[in-house]
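The structure appears right after this line, and notes come after that.
The values are calculated or read from the model by the stated rules, or taken from the named source; none is laboratory data. Treat the numbers as computed from the prediction; the structure is a model and nothing was measured. Neighbour counts are summed over all protein chains in view; Cβ atoms, including those assigned to glycine, are modelled from backbone coordinates with ideal geometry.
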Amino acid sequence: MKMSKMFFTTMKETPSDAEITSHILMMRAGLIKKTASGIYNYMPLGLKTIKKIENIVREEMNRAGGQEILCSAIIPSELIEESGRWSLYGDEMFRLKDRHSRDFCLGPTHEEVFTDIIRNEIKTYKQLPINIYQIQTKYRDERRPRFGIMRAREFVMKDAYSFDRDFEGQDSSFQNMYDAYNKIFERCGLEFKAVEADSGAIGGVGSVEFMVKSEVGEDAVVFCSNCDYGANLEKAQAIVQEHIGEDKKIIEKIHTPAIRSIEELCDFFSCDGAKFAKTLIYKADDKTVAVILRGDREANEIKIKNAIGTVIDFDMADEETVKAVTGAPVGFAGPVGIKTDILLIDQEIANGFNFITGANEEDYHIANVNYPEDFDGVVGDFRNVEEGEACPVCGSPITIARGIEVGHIFKLGTRYSEAMNCNFTDENGKINPMVMGCYGIGITRTIAAIIEQYNDEFGIKWPRQIAPFEIAVVPVMTKDEDQLKAAEKIYTQLMDLGYDVILDDRNERAGVKFKDIDLIGIPVRITIGKKLKEGKVELKLRTESESTDITLDELYPKIENLMKTL
């Protein structure tokens, strides 16, 4: 491609609505153009990178036995109603009606569609296992689109689905995809880690996320300082510290006028937050839920929702609801005598002694409250882990970092096959539900994650295998016939050797060309300037600050060796 013919524009200034590095650089380098909030068009340079990542994904999926199909992005409501997710997805789903008033949606994901295809085509155990995938645009009406393509309302995704005879087969398919994903992200040049994750609205019996460490990541990720353990904060297991036994004391009601917050209570009782059992009250659809945990802990709402079961609307209770279940205004809730549909007790509370709680009466708290003597409910892990706590695998201290989710794989079990009658006949003539897996990669989000890891003050620093072009050939003076002729010859010969090359033949100053090429992030730059008369050109890597002079005879062997290492 000759740059003078290419459809692209770069920007010198930072776009006013761009918040993070990847969004800024994609806009400035002309990779994307915004149409509306969370909706972007991909320009030639951006699309070339998308296609290169897609090709890596496609090669590894095919190598792992996947077969590619392409489904419609428009899904009839009846399919999603079969699985029970039509209402579960809520406002995030783009819904529409056709001219006959039939309900459809723009696919946020395609479990039901793939299950429908397989149930109509696969009948016996002889046709299993099978893994089919697609690379397609997905649509989700994000409440708050942000960070450019990191959290957009449409995005390119690879989603795959495996169908097996039994759970042992599902485990094998899951491991197969786990290995394939590691190869994909390694080939993309990413530093990443596979961590345990919550399955969310997809459902199933277990899942793993592939996370890229980044300060702008929307997920908090827990890592062990010693072993390979890693988990999304939503999933990370909290370990109860061994509690030194103490005698359980007699419950005591204490007047605490106008004292509501944990901070105020700590001052009043001259102790720290660990001594308090705070009560958080939620509305889960038509039920009220009270969660009891230590005053110095944060609730993990994903763990709470998982303990409740299927929930569509979940939020903190309003003041009216709090008063209805406690008999007191906000700030005095406690587990003793509370009138709630569900009471969840964090394991630290169940294993502790003599906590201070609200009395469910205005201006009063209770001291020396103990489980199960004074209250009872469902005991479990309902809190976030904290930096420095013990790893659940080896006991070493954990660390917490931000991360970007670029891939997610799920063991679905029979969640969809049973609901949608996706069955097969085994060798004994018995009908069984297929056991499924689901495997997603955010193609466009992967681009943003790569830029977050590969950039400097001058622009993007693409890994060679996904750069829009591998090599830029730049004549300093396009009006100099010898320089332009030599540049075109090098450009042609490099393309003949199979490299992806761009020739910057624009009638611009050399500084402008260099800045654009650095901004776009092309890994190798060959500059043809005054030293051409000595039979030399300048070779520079995007990752290095200094360039080197090299003879034309040395150029092609040098490029060949460089491409093996980049």
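Taking segment 240-258 as the search range and keeping residues that are of a type in the set (Val, Ile, Thr), in a loop (DSSP other than H, G, I, E, B) and modelled with pLDDT of 90 or more, which one is surrounded by the most Cβ atoms within 10 Å (Cβ to Cβ)?
The residue in question is Thr256.
So how many residues does segment 1-40 have that are over 21 Å from the mean Cα position of the chain (by Cα) and of a type in the set (A, V, I, L, M)?
In the first step, residues of segment 1-40 are kept if they are over 21 Å from the mean Cα position of the chain (by Cα); the result is 1-17, 27-31, 33-36.
Cutting the leftovers down to of a type in the set (A, V, I, L, M) gives us 1, 3, 6, 11, 27, 29, 31, 36.
Residues flagged as over 21 Å from the mean Cα position of the chain (by Cα) and of a type in the set (A, V, I, L, M) within segment 1-40 amount to 8.
Hey, can you tell me all the residues within segment 207-231 that are hydroxyl-bearing (Ser, Thr, Tyr) and buried (at least 19 other Cβ atoms within 10 Å of the Cβ)?
Ser207, Ser214, Tyr229
For segment 121-143: of the residues being touching a strand residue (DSSP E or B) at 6+ places or on another chain (Cβ under 8 Å) and basic (Lys, Arg), which is farthest from Thr446 (Cα to Cα)? Lay out the reasoning, then the answer.
Step one: list which residues in segment 121-143 are touching a strand residue (DSSP E or B) at 6+ places or on another chain (Cβ under 8 Å), which gives 122-125, 127-142.
Imposing the further condition that a residue be basic (Lys, Arg) reduces the set to 123, 138, 140.
Values: Lys123: 37, Lys138: 15, Arg140: 17 Å.
Looking at residues that are touching a strand residue (DSSP E or B) at 6+ places or on another chain (Cβ under 8 Å) and basic (Lys, Arg), I get Lys123.
Taking Ile409, is it over 30 Å from Asp166 (Cβ atoms), surrounded by 17 or more Cβ atoms within 10 Å (Cβ to Cβ) and at pLDDT 95 or above?
So Ile409 fails the test.
Could you pull out the residue among Asp482, Asp500, Asp426 that is surrounded by fewer than 16 Cβ atoms within 10 Å (Cβ to Cβ) and either assigned by TED's automatic domain parsing to the domain that holds Leu541 or touching a Leu at 6+ places or on another chain (Cβ under 6 Å) (or both)?
Every option except Asp482 fails the conditions.
Of (1) farther than 25 Å from Ile466 by Cα; (2) charged (D, E, K, R); (3) surrounded by fewer than 17 Cβ atoms within 10 Å (Cβ to Cβ); (4) without any contact (Cβ under 8 Å) to a residue 40 or more places away in the chain, Glu546 satisfies all except one. Which?
For Glu546, the failing item is (1).
How about segment 230-265: which of its residues are among the hydrophobic types (A, V, I, L, M, F, W, C) and touching a strand residue (DSSP E or B) at 6+ places or on another chain (Cβ under 8 Å)? Write out each step before concluding.
To start, the set of residues in segment 230-265 that are among the hydrophobic types (A, V, I, L, M, F, W, C) comprises 231, 233, 236, 238-240, 244, 250-251, 254, 258-259, 262, 265.
Within segment 230-265, Ala231, Leu233, Ala236, Ala238, Ile239, Ile250, Ile251, Ile254, Ile259, Ile262, Leu265 meet the criteria.
Go through segment 263-289 and count every residue that is surrounded by fewer than 16 Cβ atoms within 10 Å (Cβ to Cβ) and not basic (Lys, Arg).
Number of matching residues: 11.
How many of the residues making up segment 94-151 are of a type in the set (D, E, K, R), without any contact (Cβ under 8 Å) to a residue 40 or more places away in the chain and closer than 16 Å to Cys438 by Cβ?
0
So, in segment 315-359, how many residues would count as being part of a loop (DSSP other than H, G, I, E, B), buried (at least 16 other Cβ atoms within 10 Å of the Cβ) and either assigned by TED's automatic domain parsing to the domain that holds Ser87 or among the polar types (S, T, N, Q) (or both)?
Result for segment 315-359: 2.
Only one of Ile366, Ile342 is in contact with a Lys or Arg (Cβ under 9 Å, 6 or more places away or on another chain), of a type in the set (A, V, I, L, M), more than 24 Å from Ile254 (Cα to Cα) and at pLDDT 95 or above. Can you tell me which?
On the way: Ile366 fails: more than 24 Å from Ile254 (Cα to Cα).
Going through Ile366, Ile342 in turn, just one is in contact with a Lys or Arg (Cβ under 9 Å, 6 or more places away or on another chain), of a type in the set (A, V, I, L, M), more than 24 Å from Ile254 (Cα to Cα) and at pLDDT 95 or above: Ile342.
Could you say whether any residue in segment 382-398 is at pLDDT 95 or above, out of contact with any Phe, Trp or Tyr (no Cβ under 6 Å at 6 or more places or on another chain), buried (at least 17 other Cβ atoms within 10 Å of the Cβ) and more than 22 Å from Lys213 (Cβ to Cβ)?
Yes; the residues of segment 382-398 include at least one that is at pLDDT 95 or above, out of contact with any Phe, Trp or Tyr (no Cβ under 6 Å at 6 or more places or on another chain), buried (at least 17 other Cβ atoms within 10 Å of the Cβ) and more than 22 Å from Lys213 (Cβ to Cβ).
Quick one: Ala180 ticks every box in (1) modelled with pLDDT of 95 or more; (2) of a type in the set (Gly, Ala, Ser); (3) not assigned by TED's automatic domain parsing to the domain that holds Cys71 except a single one, so which number is it?
The failed condition is (3).
For segment 409-424, name all the residues that are assigned to a strand (DSSP E or B) and more than 18 Å from Asp171 (Cα to Cα).
Hits for segment 409-424 are Asn423, Phe424.
To keep it simple, each residue is scored yes or no on (1) touching a residue at least 60 places away in the same chain (Cβ under 8 Å); (2) touching a Lys or Arg at 6+ places or on another chain (Cβ under 6 Å).
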{"site": "Lys283", "(1), (2)": "no, no"}
{"site": "Val291", "(1), (2)": "yes, no"}
{"site": "Arg297", "(1), (2)": "yes, yes"}
{"site": "Asn300", "(1), (2)": "yes, yes"}
{"site": "Lys303", "(1), (2)": "yes, no"}
{"site": "Ile312", "(1), (2)": "yes, no"}
{"site": "Thr326", "(1), (2)": "no, no"}
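Any chance you could count how many residues in segment 432-462 are in contact with a strand residue (DSSP E or B) (Cβ under 9 Å, 6 or more places away or on another chain) and either under 16 Å from Phe410 (Cβ atoms) or in a strand (DSSP E or B) (or both)?
11
Taking segment 527-548 only, how many residues are in contact with a helix residue (DSSP H, G or I) (Cβ under 6 Å, 6 or more places away or on another chain) and assigned to a strand (DSSP E or B)?
So the count comes out to 1.
With respect to the numbered conditions (1) in contact with a strand residue (DSSP E or B) (Cβ under 9 Å, 6 or more places away or on another chain); (2) closer than 21 Å to Glu186 by Cα, which one is the sole condition not fulfilled by Cys227?
Only one criterion is unmet by Cys227, namely (1).
Where residues in segment 278-314 are assigned to a helix (DSSP H, G or I) and among the basic types (Lys, Arg), which of them is nearest to Asp346 (Cα to Cα)? So that I can check it myself, show each step before the final result.
Residues of segment 278-314 that are assigned to a helix (DSSP H, G or I), as a first pass: 301-308.
Cutting the leftovers down to among the basic types (Lys, Arg) gives us 303, 305.
Numbers: Lys303: 11, Lys305: 14 Å.
The qualifying residue nearest to Asp346 (Cα to Cα) is Lys303.
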